[in-house]
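The values are calculated or read from the model by the stated rules, or taken from the named source; none is laboratory data. Worth saying up front: this structure is predicted, and the values here are computed from it rather than measured. Here the Cβ positions follow ideal geometry from the backbone for every residue, glycine too, while neighbour counts run over all protein chains shown.
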Amino acid sequence: MVEYVPGIPILKPYIDADNKAYWDAVKEEKFVVQQCNKCKNYYQPPRPMCPECLTLDTMEFVPSTGKGEVYSYIIYTTDKMAYPAMKIPYAVMVVEMEEGVRITANNAPDIDTDEIYIGMPVEVTFAKIDDDLTLYQFKKRKS
Amino acid sequence: MSIKDKTAIAGIGLTEYSTGTDLTEWALASLCIKNAAEDAGITVKDIDGLVKDIDDGWDCSYVQKTLGIDNLLYSSESHWGTSSMLNAISAVASGTANNVVYYRSRKGATSDKRSPSDYRVAKETMDDSISILRIDFYEPFGLVNPVGCAAMIIQRYMNEYNIKPEQMGSVVTGITEYGAKNPLALYTDKAVTMDEYMNSEMVADPIREIECAKGVDAGIAILITRAEMAKDMKQTPAIIMSAAQGAAMNGEFFTGYNQEKMTALPEMVSMGDELYRIAGITAKDVNVAQLDDRFTPMVPMQVEALGFCGAGEGAAFCEARSLPINTAGGSLGEGFMDSNRIVEAVRQVRGTSTSQVDNAEIILYAAGAGGPADGLIIRK
């Protein structure tokens, strides 16, 4: 799990028309992925145009199953390199979702940093960081 | 039309490499360009083109003010590693300008001394190009710097091919052996031993501090001119056989995690293919390589991407010392500049390296492992 140091702001996403629907869904604790409704390809990070169809209006955010496997991860182990608002050691994981896109996030409180491994089954959960910011995290998955 | 053999590196100019200088980046840039002209045996007034990286050094118009260059036929800047070199080479090969200097001036050591709580300020003023990317999907989760972002790729690589830490250690021991012989390698007094490596501190597990380039305050300038002009200048010209960049789909600056196979370094693969195609050679013809060692565990992935060995064989290739790599001690010794490895490639052509490779005919330089890549192949 990650623990925050009070008083130091978390770096927040810069929200614009290309990613607003993604972060709005997160705020409501719904996890969505971007999909082109014409070619059905999934994309991450979100983008305004489908690189397959070259269309703007086919890009949608659709509900994800929220399930995936750890594709890679790292553990920040020293203040010299870590972001000061987060207590070390903390982990960051890249999770390959069932839709095929890979999502970067932290581990939820039920996963200790030293039990993460590549291939670990995980699923999305949410954490309210402060009044303005809700983030997704990954917790253990049984099925 | 090809740029093969049309241009050459005729001069290299350095300032002192230091752990902290009172000179500004403007002063460092001015000084290294002056030194490059002197090295080539031309006057500063003969320089008619200037290029720089967008994220460090001072704008060309400032440098023009200090060097007294009346007119610039060409000036530009571009992102990513040393891809601006390609601008300089293209400008000379096309005849747009005659003597174009690519320069980089950074106060990397001074920036490193900032405390983590100055992070936001530091990030805005340091060279780290992360600020120009869509960082929204990484930074809120505390993945905030190149070291952590690169470690993600390295973890996956070590897992895919069952790479042992000792094998990554052999990259560090090998490069620092060269650094120990190079007086300009201010951060390497002696070669790192395997014991020291194995006992060294993790910073972004699996990356150790000992594997990360140090920041250095320095200016480096590289003078490109037409190959036939270079022959009449002071130094042995380093003929540019090829220069290329690689930018693959879904590539990002160390966060291309949605590339289908990120550990294959797709940008480096396409850049290397292009380098060899233009030069008309294969990896087998390369005698010395100067590879991106900002984080040394990226080196085994690069030797694979550049065709020196097969997928998953890079660590064993480095361990066996199958090719001289980073013969000046790389970024571990001289600090992170990238272009200091171009300088070492030129030394190998001139025969002035402190670890001179016998019969160094063809030297490959690469930058941008884990992101958009660029590189050169040079020869005598």
query = In region B:197-211, how many are facing chain A (nearest Cβ under 7 Å) and either crowded, with 21+ Cβ neighbours inside 10 Å or more than 20 Å from A:I118 (Cβ to Cβ) (or both)?
reply = 3
key: Unmet criterion (only one of (1) buried (at least 21 other Cβ atoms within 10 Å of the Cβ); (2) over 17 Å from B:G81 (Cα atoms); (3) within 14 Å of chain A (Cβ to nearest Cβ)) for B:I224   = (3)
key: Among the candidates A:Y42, A:Y117, A:Y76, residue that is in the same structural domain as A:A17 (by TED's automatic domain parsing) and among the aromatic types (F, W, Y)   = A:Y42
query = If you go through region B:136-164 one residue at a time, how many are over 16 Å from B:E260 (Cα atoms), more than 7 Å from chain A (Cβ to nearest Cβ) and either among the β-branched types (V, I, T) or assigned to a helix (DSSP H, G or I) (or both)?
reply = 5
message = If A:A91 satisfies all but one of (1) in contact with a helix residue (DSSP H, G or I) (Cβ under 6 Å, 6 or more places away or on another chain); (2) of a type in the set (G, A, S); (3) not assigned by TED's automatic domain parsing to the domain that holds A:D130, what's the number of the condition it fails?
response = (3)
inquiry  = Within region B:254-271, does at least one residue satisfy the condition of being modelled with pLDDT under 95 and touching a Phe, Trp or Tyr at 6+ places or on another chain (Cβ under 7 Å)?
reply    = yes
message = Of all residues being surrounded by 15 or more Cβ atoms within 10 Å (Cβ to Cβ) and within 30 Å of A:D114 (Cα to Cα) in region A:23-42, which is farthest from the other protein chains (Cβ to nearest Cβ)? Just the residue, please.
response = A:K30
message = B:K234 - would you say it is among the charged types (D, E, K, R) and either free of Cβ contacts under 8 Å to residues at least 60 places away in the same chain or more than 13 Å from every other protein chain (Cβ to nearest Cβ) (or both)?
response = yes
ask   = In region A:87-101, which residue that is at the interface with chain B (Cβ under 7 Å from one of its Cβ atoms) and surrounded by fewer than 24 Cβ atoms within 10 Å (Cβ to Cβ) is nearest to B:N250 (Cα to Cα)?
value = A:V101
query = Does A:P51 satisfy the condition of being facing another protein chain (nearest Cβ under 10 Å) and assigned to a loop (DSSP other than H, G, I, E, B)?
reply = yes
query = Going through region B:257-282 one residue at a time, which ones are charged (D, E, K, R) and assigned to a helix (DSSP H, G or I)?
reply = B:E267, B:D273, B:E274, B:R277
key: Set B:G148, B:G179, B:G174: member being farther than 26 Å from A:D79 by Cβ and surrounded by 24 or more Cβ atoms within 10 Å (Cβ to Cβ)   = B:G179
request  = Considering each of A:M1, A:M86 in turn, give the residue that is within 16 Å of the chain's Cα centre (by Cα) and modelled with pLDDT under 95.
outcome  = A:M1
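For residues that are assigned to a loop (DSSP other than H, G, I, E, B), within 10 Å of chain B (Cβ to nearest Cβ) and in contact (Cβ under 8 Å) with a residue 40 or more places away in the chain, scanning just region A:59-86, find the one that is surrounded by the most Cβ atoms within 10 Å (Cβ to Cβ).
The residue in question is A:Y83.
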remark   = Pairing a residue in region A:116-132 that is within 13 Å of chain B (Cβ to nearest Cβ) with any residue that is in a loop (DSSP other than H, G, I, E, B) and among the aliphatic types (A, V, I, L, M), where Cβ atoms lie under 7 Å and the two sit 6 or more apart in sequence or on different chains, gives A:I129/A:I10
task = Looking at (1) farther than 25 Å from A:K12 by Cβ; (2) modelled with pLDDT of 95 or more, find the lone condition where A:S143 falls short.
result = (2)
query = Do we have A:G7 as within 11 Å of another protein chain (Cβ to nearest Cβ), at positive phi, in a loop (DSSP other than H, G, I, E, B) and modelled with pLDDT of 95 or more here?
reply = no
